[in-house]
1. Put a dot 7 Å past each Cα toward the Cβ at T623 and E259; how far apart are the dots in nm?
2. With r defined as the distance between the Cβ atoms of K55 and W128 and R0 fixed at 56 Å, what FRET efficiency is calculated, to the nearest 0.05?
3. Can you list the HN-Hα couplings for the range 482-494, worked out from phi with the Karplus curve (6.51, -1.76, 1.60; θ = phi - 60°), rounded to whole Hz and with x for Gly and Pro?
4. Starting from 0.36 nm per residue, how many nanometres of slack lie between R580 and L678 once their C-alpha separation is accounted for?
5. How would you rank 393-402, 88-97, highest first, on the average number of other Cβ atoms within 10 Å across their residues?
6. In debye, nearest 20, what is the charge dipole magnitude of the chain about its Cα centre with +1 on Lys and Arg Cβ and -1 on Asp and Glu Cβ, if you could check?
7. Distance from the Cα centre of the range 132-211 to that of the range 589-630, in angstrom?
8. Listed highest first by mean packing, meaning other Cβ atoms within 10 Å per residue, what order do 360-372, 43-55 come in?
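Throughout, read-outs are computed from the coordinates displayed, never taken from laboratory work. Just so you know, these numbers come straight off a predicted model, no measurement behind them. Here Cβ is always computed from backbone atoms with ideal geometry, including for glycine, and neighbour counts include all displayed protein chains.
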Amino acid sequence: MSKVKFELAITGMHCAACSSRIERVVSKMDSVESVSVSLPTNRAQVVLKEGVSKKEGVEAVIARIEKINFGAKLNEGEDLVKEWQKENEAALQSLSEQFRLLPPMMILALALLYVSMGHMIGLPLPSWMSAESAPRIFALAQLLLVLPIMYFGAHFYRDGFSNLIQGAPNMDSLVAVGTGAAFAYSLFSTVMIFVGENAYSANLYYESCGVLIAMISIGQYMEAKSKRKAGDAIGSLMRLVPQTARKYVNGTSTVVKLEALNVGDKVLIQPGERIPVDGLVCEGASEVDQSLLTGESIPVPVTVGSTVIAGSLNGTHPLIVEISHLGNDTTLAHIIRLVRTAQSSKAPVAALADRVSFYFVPAVMVLSVLTFCAWALFSNEPISLAVKAMISVLVIACPCAMGLATPTSIMVATARGAQLGVLIKNAVALEMAGKVDVIAFDKTGTLTLGQPKVVETRLFGEYSKEDALCLAASLEARSEHPIAKAITAANQKEVIATQPTVLPGLGLVGSLQGKTVALGNASLMMRQGVDITPANEVLSNMTALAHTPLMLSVDNQLCAVIGVADTVRAESNRVLKALRQMGIRTLMISGDNKRTAQKIADELGIDEVYGEALPQDKARIITELQAQGLKVAMVGDGLNDAPALAQADVGFAVADGVDVSAQAGDVILMRHGLESVLTALRLSKAALRNIYQNLGWAFGYNILGIPVAMGVLHALWAGPMLSPMIGGTAMALSSTSVVLNALRLRFFK
């Protein structure tokens, strides 16, 4: 029984402590095998244990998440585009509400700063409000200015104290406790002023409380806006699909919504319009731009019988298309799901940040208390300095920067990869691709075009060339292998119905008109007891020309040798040279005979070649390389390379530009050609650099910032104490800077 996987949309997460908490709680459930929560995408990928039903598992996980005050909803069933539109509208509304509160908060915060600190830099303050002549009004004015700001930032206190009470403090808890402490101490000082202790006017920290809330709110708005930009590549894919189509019936077209269409219906695509469905061209010929789907800039010519993909742009002529897939079943929908799943997955490099994030907030709270106690009990400084240091520690700490460092880079990189025709299925593949030592290539359809042709047929028996090709084509009639297609294309006669036995890595054997017919390589002939000695010279000549020889036998007698040749891709030489320059060792693992494989390997400058390899041999070779401590990638067409693709540290499956739902491969290459391999490797390296930069900044900021906030500079070298306002501003900008750095990956080429 397979394990059930599903995706949840999560609401209420504000920082890495939130996502870490959800992961910890859900992962402890008896029904859950694994869970991965992504802060930037607000999604959770959940895998249930075997035997747990989906309905039972989903309900249990959602109930558990809601119990810890987060929202969760199953992300399935609804049309992807409509779902995205709803999420987009909700995100825009949230941003709008955040932005609406910023101007009044900033005006009040500036006024508060003017009243509390303006006199320090020579700004005039009326005598009836100054600290010297009217301390009560001075304190009361600040109190009245800070209360609306705290009201606008009420969510910090509501969420922060709620999580603190539950024993799971987050970033909101730090803000709530820090600004709450500043407000409480200032309120105490205000009371003391009103009872005649005017000296307490120097101990008011209302401005720290108000300015902190305002600056952190601005930082959260900037972060939310940047995160939305980071995920906008998915939006660009969603926008490719029109929500209406021209339904074509009996020569006339009517504009209808996509929901009104069914598989088998026909639609009219006018020049310059986006194609709304996957389908086959019934009438017309045109050129289709698939660049936003495959990264291929050159328009693809299509005619009757050609496949077209939803989201592609029709060129200069109208097309009539019969629908094969629509809605959530289209290639575009598969691409979007793959990208979203990858964005929610975790890379190994994120493990440290996740562990630190979970304990970070409680540790900061303990440090803030220790800081207060140290300054209050073991120094001659006034108590106000201890309060100031405690608040600074609470507000400068930024778990968000650590939590966003890795997933934001992954989110942007995987989306950018999709735009370039490189579909990365998970974050592990994204990370591993940049660490590859060896790349193994399949030959047919990977290093070659995968469009072989029969170039010669040599006879060794009583059968004519036409009869020999007919027998071979009869065995290959149901096969989708490129060589099988070459043989059936060369056949001029009607095939004979049969159901042959396929022997992987050897060939086919079947019964035709009462005779045993075999088609395959030398190993198959030996197995069948066929003497191939008469063909030795022919075989040598064919392999010298890099032709693949297929031997045909009838009743264990050699009948013919069919030479099949494929063309090496124009870019193969260039790509392999680039890999060598990157220090990556190259291999070719082919089922073809050794001499033919070696001939092509020599032509391309491949370091090592393995010929006559069965599918299981390919996986074994990769395992042996991995045993040497090497990181191995495999590039194949996914048809007979599935074991090798699965065994490799990273499997690159060369797709046909349409079928991206195949499970084989960690990375699906949508473009026709091998340049996408280089694109994937370079993108991985760029993403890893970006992640390390983000982690370096996030950890470095906290490692340096927290001691400064504790007052280490002041204690050791009589340096300045960090103002809580500066600390809060730095915290607000730190997570934003991480997101902005990740956004640079949007411009990767």
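1. Each label point lies 7 Å from its Cα, and together they span 5.2 nm.
2. Values: r = 69 Å, r/R0 = 1.23.
Calculated value: 0.20.
3. x, 5, 4, 5, 5, 5, 5, 5, 7, 6, 10, 10, 6
4. Numbers: separation 98, 0.36 × 98 = 35.28 nm, distance 1.14 nm.
Extending this stretch completely gives an extra 34.1 nm.
5. Details: 393-402: 29.4, 88-97: 12.4.
Descending packing order for the listed peptides: 393-402, 88-97.
6. Values: 62 positive and 64 negative charges, 290 e Å.
It comes to approximately 1400 debye.
7. If you average the Cα positions of each part, the centres end up 70 Å apart.
8. Values: 360-372: 19.3, 43-55: 16.6.
Going from most to least packed, we get 360-372, 43-55.
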